[in-house]
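Colleague: Quick one: the structure is below, questions incoming.
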Amino acid sequence: MRSSEKGKARRKRSKRTKAVRKPKPVTFKGLPYERINYLLIGLGIALVVLGFVFLYFGESVISTILLVVGYVIVLPIALIWVPKKKKIAPEEPSPSTADPGVEPETSS
């Protein structure tokens, strides 16, 4: 092949375009954590603050324990914990809501 033929072949391949995908719209699905997660985060922050208060007053053993429990145990558990979803049993439709277009039969 000549150099001019190679150039033409390259140009033909480079003209191909890929289909452009439209990005999916971002939807808000609610808060990422449940109530228990926020309670555990609050407990972890309270333990850390209490640990620093004890450290300020010179209680190094108690403050170390509180800081380790707050930072290493409670806060990571609060961020990782995924509560189990409650299974909701499907309700049987009542006669009045079963089919809104049909009148319930009455016996006389």
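The values are calculated or read from the model by the stated rules, or taken from the named source; none is laboratory data. Everything quoted here is computed from the prediction, not taken from an experiment. Every residue, glycine among them, receives a Cβ derived from its backbone with ideal geometry; neighbour counts consider all protein chains shown.
Colleague: Only one of (1) within 30 Å of PRO32 (Cα to Cα); (2) at pLDDT below 80 is not met by VAL69, so which one is it?
Modeller: The one condition VAL69 does not meet is (2).
Colleague: Could I ask something else about it? Pull out all pairs, ordered by first then second residue, where Cβ-Cβ is under 6 Å, the residues are six or more apart or on different chains, the first lies in region 26-41 and is touching a residue at least 40 places away in the same chain (Cβ under 8 Å), and the second is surrounded by 12 or more Cβ atoms within 10 Å (Cβ to Cβ) and not in a helix (DSSP H, G or I).
Modeller: ASN37/TRP81
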